[in-house]
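Working notes, beginning with the structure itself.
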Amino acid sequence: MFRSHVFRGTKFPHSLCRAGKEGFGVSTTERAGIRIQVTSLERTLVDVLDRPGLSGIWEEILRSLESIEFFDLDKVVEYAILLRYATTGAKVGFFLEQHRELLMVDDRHLKPLHDIRPLQPHYLDRAKRKSGRLVSEWNLVVPGEVSERMWGEVL
């Protein structure tokens, strides 16, 4: 616990360990005299889409990601592919496609993610399987509140 916030440690994904890439997108910095490791924006984007249960509700996740003006999209794609999770690749592809103009996403960023998407439909959030809209391009079942951005009008 730190300043009333509870932090929960997580293990590195097995695919990163097997590849010896646990440090991908991680830098070390000093804060109040303590050295800490921090993930890059690119790794954070992929990680929060991969494990939304550790990041908050979809509104919080998407609003946070949308507040960032620039990502190194080559690093985003590289990390998503490194994880070797078809569903995560599809989630990242779906997010990038939804923000194509804002983030200047090219087809060359989407194609590798499209190539690893699941063969059958998967839920956007596997822990909360509820009905939604099938985004066939990515084989993702997206909850209504995400696809319709029900919070979009409220600030």
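The values are calculated or read from the model by the stated rules, or taken from the named source; none is laboratory data. This one's a predicted model, so the numbers in the text were calculated from it and none came from an experiment. Using ideal geometry, Cβ is built from the backbone for each residue, glycine included, and neighbour counts are taken over all protein chains shown.
Looking across segment 13-22, the residues that are surrounded by 13 or more Cβ atoms within 10 Å (Cβ to Cβ) and either touching a Ser or Thr at 6+ places or on another chain (Cβ under 8 Å) or not hydroxyl-bearing (Ser, Thr, Tyr) (or both) come down to PRO13, LEU16, ALA19, LYS21.
Matching residues to (1) in contact with a helix residue (DSSP H, G or I) (Cβ under 6 Å, 6 or more places away or on another chain); (2) modelled with pLDDT of 95 or more; (3) under 26 Å from PRO13 (Cα atoms); (4) crowded, with 18+ Cβ neighbours inside 10 Å:
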{"site": "SER67", "(1), (2), (3), (4)": "no, no, no, no"}
{"site": "PHE71", "(1), (2), (3), (4)": "yes, yes, yes, yes"}
{"site": "ALA80", "(1), (2), (3), (4)": "yes, yes, yes, yes"}
{"site": "TYR85", "(1), (2), (3), (4)": "no, yes, yes, yes"}
{"site": "LEU102", "(1), (2), (3), (4)": "no, no, no, no"}
{"site": "LEU119", "(1), (2), (3), (4)": "no, yes, yes, no"}
{"site": "LEU124", "(1), (2), (3), (4)": "no, no, yes, yes"}
{"site": "ARG149", "(1), (2), (3), (4)": "no, no, no, no"}
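Pairs meeting the criteria (first residue in segment 132-155 and within 15 Å of LYS91 (Cα to Cα) and in a loop (DSSP other than H, G, I, E, B), second residue modelled with pLDDT of 85 or more and of a type in the set (S, T, N, Q), beta carbons under 8 Å, at least 6 apart or on different chains) are ASN139/GLN120.
Could you pull out the residue among VAL76, VAL38 that is among the hydrophobic types (A, V, I, L, M, F, W, C), touching a residue at least 12 places away in the same chain (Cβ under 8 Å) and surrounded by 15 or more Cβ atoms within 10 Å (Cβ to Cβ)?
Numbers: VAL38 fails: surrounded by 15 or more Cβ atoms within 10 Å (Cβ to Cβ).
Of the residues listed, the single one that is among the hydrophobic types (A, V, I, L, M, F, W, C), touching a residue at least 12 places away in the same chain (Cβ under 8 Å) and surrounded by 15 or more Cβ atoms within 10 Å (Cβ to Cβ) is VAL76.
Yes or no, residue by residue, for (1) in a loop (DSSP other than H, G, I, E, B); (2) in contact with a strand residue (DSSP E or B) (Cβ under 9 Å, 6 or more places away or on another chain):
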position	(1), (2)
GLY56	yes, no
GLU60	no, no
SER64	no, no
PHE71	yes, no
LYS75	no, no
ALA80	no, no
THR87	no, yes
LYS91	no, yes
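For segment 1-19, enumerate the residues that are over 14 Å from LEU83 (Cβ atoms) and in a loop (DSSP other than H, G, I, E, B). Selection gives MET1, ARG3, SER4, VAL6, PHE7, ARG8, GLY9. If you check ARG8, ARG63, ARG51 for being in contact with a Leu (Cβ under 9 Å, 6 or more places away or on another chain) and either modelled with pLDDT of 95 or more or under 28 Å from TYR123 (Cα atoms) (or both), only one passes: ARG8. Scan segment 26-48 and give yes if some residue there is part of a loop (DSSP other than H, G, I, E, B) and among the basic types (Lys, Arg), otherwise no. For segment 26-48, residues part of a loop (DSSP other than H, G, I, E, B) and among the basic types (Lys, Arg): absent.
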